[in-house]
Amino acid sequence: MKREAPELDTLVEAARRFAAVQDSFAPEAALAAVMGPRVAQEPIVAARVLSALRQDCTVETGKTERWLMRPAARRKILAGEVAVADADTPVAKALAGRGNLAPDALDRMIGGDASPEELEAVAVALDRAGPSAPGFDRLDRLRSLLNTRRAESRTDARLAGGFFGREAELARLADWIAAPQAGPPMRTVHVSGLPGIGKSFLLERVIQMARLNIGPILVSLDFDRAGLNVLEAHGFFEEISRQVGDAVPEASAQLRAMRLKSAERRAAETGTSARYSVPRDLLEAIAGAVRGSGRRVLVVLDTLEVLRSRGETQVMTLFDRMDSLAEYGVAPLAIISAGRGDALDPVPARVEDRIRLEGIEDSAARLLLAARGVPERLWPRILPLARGNPLLLTLAAKAFEDADYDAGEIPAGAGEETIGGYLYRAILSRVPERLRRIANEGLILRAIDAEALTGVVAPALGITLTAEEARAALAELATHHWLVESDGAGNVRHRQDVRRAFLPLLYDGTTETRAAAEAINLRAAEWYGARDPVAALYHRLQATRFGHPMPEVPADLAREITGPILDELPAPAQDAVLQAQGRRSGFARAGAPEAVPQDLGLTDLPAPAPARETAHAQADGDMAGDAPEDAPRKAMRVRPDERAVRDLELMLEKGDLREAGHVFHAGFGGKLEPDSPGAMVALCYLWLAGRWAAAVDLFRGQPRSALDRALEESPHLRGRVVLEIQAETGFGRLLAMLADDRVFDLALRSHDASQRTGMVGGALDFAFLVIRHSDAALPRRLDLARGLLASASGATEGIADTGHALAAARALREDFGLFHEPLAGGGPDDRRPAVQAEILQALNPYGAPLHALVSGAPEGRIAAFLEGLHPRLPEAAALFLPDLRGGEGLPDRLRGGPPDVVAALTAMGLCADWSSAHVIGRSLADLRLIARSAERWRRTVAGMWSYGARRPEGWTEQASEDRMSAARLDRLGQAQAIPVNGQRLSRGDDVNGIRFNRHAVRDLHDR
């Protein structure tokens, strides 16, 4: 037995080495390779070898069982000594660099026209062989080429049957692609039309033509695909970089590395600052790949109606992203797009040309009629009437089956809907009366079987049917293929194109038809109640057309009402379902029937500001100057639309501040009372949008009960916002509130639930640390705040937390190309508190509300100030931050206007400085409030606790000092020969030093 264990280990290792150079293998083959004839003689040993090997393999079941070694186990084994000379598997060839897996053979394959199957085979072999294979460094390029070839093959397969017609449309698209844009604003040629009319097919053909004629870098974005989110800049540009890497294999490895960096940055970001993070290095890498290829870029945007359904401003954000591509050098670039209906109505200036596919061409219509066996003698009567509409072709063909049918009753110049109605009624009139009512009103049900026919339709229509008669009626109805189809489960249902066109006629028809529709829906709602809750809800929602109350819409049932089912509902019911699904309603959509309030200003919300300042917070973004004389007369007390209130909350929960602003402006016109419906949600928007003056005013009007409800009912949004406002406007009061165990527990839950909503490392986080609960009782994510305070107070036990904070600050600066030389290279000693304070200023959380304020519709003077400062950022860096490197590249690195300048100033560590400087002598209530909080935070992180008498644990009771301002003031005084007394700044006498900094920033802009 003692001899068996070492021998067993040897056999197991040999089996593993065998498996490592195989693709999939039969387990018997592994035994035969390592044990030979002993397998039959020593079955117990053989079983133990297989048992040990099985742990490192996955099992593929089929006609015979095959094993495949797991990647991690294979890599571990192949990192050692493995004999491959005698093996003839793809993995062994890859490890030996033989045959088609030799490096020079792989290079020929990359430069040739290998098929997807050939590329996949070598890519799989190299992946399994790992870094030990001589050709492993070609793997990224091979994968990229494989993805491209697969996409090309899919396009060719879809078009294999030929593409006929649409020559004029193809020519317009080809001309646009042939003249790509060099810079923003980016525009598109947009293809629209009914479902199934051929939009995507047309795009496929133009892509194929472009590939054959000009070979562009293709980026295809289909918004019907889950995971494609324009709001998340990192993820959105990562997807584009994948496709660019596929099209430019030689750049794929670098783009992959940049994607990894972007993903790491995204994973590390929390709080509101994550909203404006942009993967600048990745964008520059994409631009470099495009430039290096010498090719143009073709971006194809498909299913844009899905994107628009998420919000009116999402298509605006999409084109902003396209502008960013061009601004970073991803050019020349051409965009084509497709979507149903009015997908691009919110951005008309972005549409260079519209191609509306209103019907199939005459040649295609003839092929369709021939395929359906319609006699050719009828075609001259059918084609002019149908006008290329596939549904009208079907109906007209059916109508003209009756030789006596006369289309002359259709009014001259009638539209397609009118023509369809005439044809539909003409065909239906030939159906026996009893069956006609079932075929017409009865198909209000989405699907019908004999049981539903006798239990719902017949009683509602006053028809008596036996079960046998019901089955016979359905059998006869099923023969009318122009109208219905079988769902394969014994049910008959409208054809979708017929239902989409003519269901509205049942609801908007005669009094008799409407009465029948109401009766069927009410009966169906009751009958399906226990049988099919989703169907029951659908019919209760349809009944609201007739004045019946809106039912409660549970979220689990709402999720089942999508696509065509949702489209059939009346608009208010659609909104109820969408909002129950957590989606944006139809409120304030372009072309929506409701009137959008014209008085968008919140002119009755005075901000807390000095008497000489005007602090009106107006929803159009202009927060300076006096309100119009007639504002009090216009500011009528109105109740915001309930849909607007819920939409606003949904958009804030999703982090879509831009769409939230659109909803707010449209739905909250007039005077907003603190106790009005939606006031708390409006308060959240105003706070998160940087509209602090109005938010604080609303907050002060809230009763304590409203604040408690916010923490209990909406800890992730309303609760978090009220805690932050309390922390900024009454820090001591917040500490007193948190002393109550019930309030503390609610606040703890709110903090843990709102990491993407709140400011990380701000006054609220400091408050939790001041109350000195044990770490176990504090919110989970306070590492950054601990690090900030540990550095500021000099507490030795917080060294690890300080290191975490410093690393986060350096990573943020690196996004802008900013860095410090290491100490050995002549850089500053980041162990010094003043140096640490300067670095940590990059984490000032008040950069987020400043960015939001400027991103909305900033007061003109703020925008002008930032635009003027943009080219002079290197001077600001040299003046205030002489140890900072990379500042000279900032003007070229910033592509997003004033918001980008705000982000850069925050990364530099000048968030408090610029905002404090700009409010001096100006009536800017929102900016003043944010600047005050930013400055208080700056002083605290620099060593001067500025949040009241109570201090965090570890902070000494001695007079604290603003180390950063003291060091900066000394440095500025020496540089500009300004007499400075050299005294250290201490608590209470920092004003002169801070004001000096503010004036320096203003002087820099005003020179």
Which of the peptides 306-314, 338-346 is most tightly packed, and how do the rest follow, judged by the mean count of other Cβ atoms within 10 Å per residue? 306-314, 338-346
Residue span E42 to K63: 0.36 nm per residue of separation minus Cα-Cα distance leaves a gain in nm of 4.9 nm
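Output the peptides 719-726, 224-231 sorted from most to least packed, where packing is the average of other Cβ atoms within 10 Å over each peptide's residues. Provide the component values of the computation, followed by the final result.
Values: 719-726: 25.9, 224-231: 14.2.
Listed from highest to lowest mean packing, they are 719-726, 224-231.
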Explain nothing, just the number: relative contact order of region 799-905, from Cα pairs under 8 Å at least 6 residues apart, as a whole percent. 32 percent
Taking only the alpha carbons of region 362-427, what extent do you get along each of the three principal axes, in Å, biggest first? 28, 23, 16
Stretch E118-R434 to full length: gain in nm at 0.36 nm per residue minus the Cα-Cα span? 107.5 nm
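What is the Cα convex hull volume of the chain when expressed per residue in Å³? Each step should come with its number before you reach the end.
Working: hull volume 260.1 nm³, N = 1007.
Convex hull of Cα atoms, per residue: 258 Å³.
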How far is it, in nm, from the label point at E417 to the one at S132 when both lie 7 Å from their Cα along the line to the Cβ? 7.1 nm
For region 110-146 and region 173-231, compute the distance between their C-alpha centroids and round to whole Å. 29 Å
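Could you work out the equivalent-ellipsoid semi-axes for region 4-136, taking the square root of 5 times each eigenvalue of the Cα gyration tensor, largest first, in whole Å?
On the way: eigenvalues 186, 47, 28 Å².
Ellipsoid half-lengths, sorted descending, are 31, 15, 12 Å.
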Using Cα-Cα distances under 8 Å and only pairs 6 or more residues apart, what relative contact order does the chain have, in percent? 7 percent
Provide the gained length on full extension for the span R861 to A777, in nm with one decimal, where the gain is 0.36 nm per separating residue minus the Cα-Cα distance. 25.7 nm
Taking every other residue with Cβ under 10 Å from the Cβ of R646 and scoring Lys and Arg +1, Asp and Glu -1, one gets -3
Given a Förster distance of 25 Å, the FRET efficiency implied by the Cβ-Cβ spacing of D508 and E476, rounded to the nearest 0.05, works out to 0.35
Give me H539, H481 sorted ascending by neighbouring Cβ count inside 10 Å, so fewest comes first. H481, H539
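Quick one: putting +1 on the C-beta of Lys and Arg, -1 on the C-beta of Asp and Glu, what dipole do you get for the chain around its Cα centre, in Debye to the nearest 20?
On the way: 125 positive and 139 negative charges, 256 e Å.
Here the chain has a charge dipole of around 1240 debye.
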Can you pull the one-decimal nm distance between simple spin-label points at A349 and D829, each 7 Å off the Cα toward Cβ? 5.5 nm
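Order these peptides, 48-59, 278-289, by their mean beta-carbon neighbour count within 10 angstrom, highest first. Mind dumping the intermediate values first?
Numbers: 48-59: 15.9, 278-289: 21.7.
By packing density, highest mean first, the sequence is 278-289, 48-59.
Just to verify a number: FRET efficiency for A807 and E81, C-beta to C-beta distance, R0 = 51 Å, to 0.05? Mind dumping the intermediate values first?
Numbers: r = 40 Å, r/R0 = 0.78.
E between A807 and E81, to the nearest 0.05, is 0.80.
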What distance in nm separates the simple spin-label points at A72 and A370, each placed 7 Å from Cα in the Cβ direction? 6.1 nm
Evaluate the relative contact order of region 428-576 (contact order divided by residue number), counting alpha-carbon pairs under 8 angstrom at least 6 apart; express in whole percent. 19 percent
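Assuming R0 = 51 Å, can you tell me the calculated FRET efficiency for the pair R154 and L383, based on Cβ-Cβ distance, to the nearest 0.05? Let's see the in-between values first.
Working: r = 33 Å, r/R0 = 0.66.
Between R154 and L383 the formula returns 0.95.
All of the numbers you see were taken from the coordinates with simple rules; none came from a lab. Given the structure is predicted, the values throughout are model-derived calculations rather than measurements. Reconstructed Cβ throughout: ideal geometry from the backbone, glycine too, with neighbour counts over all protein chains shown.
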